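The values are calculated or read from the model by the stated rules, or taken from the named source; none is laboratory data. All of these numbers come straight from a predicted model, not from anything done at the bench. Note: ideal-geometry Cβ built from the backbone for every residue, glycine included; neighbour counts use all protein chains shown. Heads up: the accessible areas ignore ligands, DNA and RNA and are worked out on the full protein's heavy atoms, side chains in. Shrake-Rupley method; radii C 1.70, N 1.55, O 1.52, S 1.80 Å.
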Amino acid sequence: MGAYRKFILVFLLVIFLAASAYYVSSAIKNPNIFKIIMSVLFLFLFAILNSVLFAASIFYFALIAHLIIATLLFGVFYIAGLNIIMAFIIAAIYVKLQMFGYFRVFYFEKDRLTIKWASVF
């Protein structure tokens, strides 16, 4: 995957994250069926693009992208009314879970790659 495609993917991730965070925070303040459906839709799109980013990128690119997203999460939840410690905990849990998932996928794919040399010859 080309570098410009990865940047487009990160840009779309940030847009879907911002939209889902906006709708989630507004649905918490004022429950509405439209806001709940939109928050679930944007969270679903964010999760799909997040898995594509994992599959198509290297570790450092994924780390930088997820740190940017964690910073945005921190800002959105802090502005939505949570205190600074709770917003930081949410952002830290996000980064920890994403990196855990990245390493799980990496080691799973590494273990799947086996070459049977006897069958090659």
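A quick yes/no check of all residues on (1) at pLDDT 80 or above; (2) closer than 25 Å to M99 by Cβ; (3) in contact with a helix residue (DSSP H, G or I) (Cβ under 6 Å, 6 or more places away or on another chain); (4) not basic (K, R):
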site: M1; (1), (2), (3), (4): no, yes, yes, yes
site: R5; (1), (2), (3), (4): no, yes, no, no
site: S20; (1), (2), (3), (4): no, yes, yes, yes
site: K29; (1), (2), (3), (4): no, no, no, no
site: M38; (1), (2), (3), (4): yes, no, yes, yes
site: L49; (1), (2), (3), (4): no, yes, yes, yes
site: A56; (1), (2), (3), (4): no, yes, no, yes
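Going residue by residue through the range 16-24, is there one that turns out to be surrounded by 14 or more Cβ atoms within 10 Å (Cβ to Cβ) and farther than 19 Å from A70 by Cα? No: zero hits.
Could you please give the count of residues in the range 80-96 that are at pLDDT below 80 and part of a helix (DSSP H, G or I)?
Here the count works out to 1.
Pull up the range 57-93, narrow it to residues that are hydroxyl-bearing (S, T, Y) and in contact (Cβ under 8 Å) with a residue 12 or more places away in the chain, then point me to the one that is most open to solvent (accessible area, probe 1.4 Å).
T71
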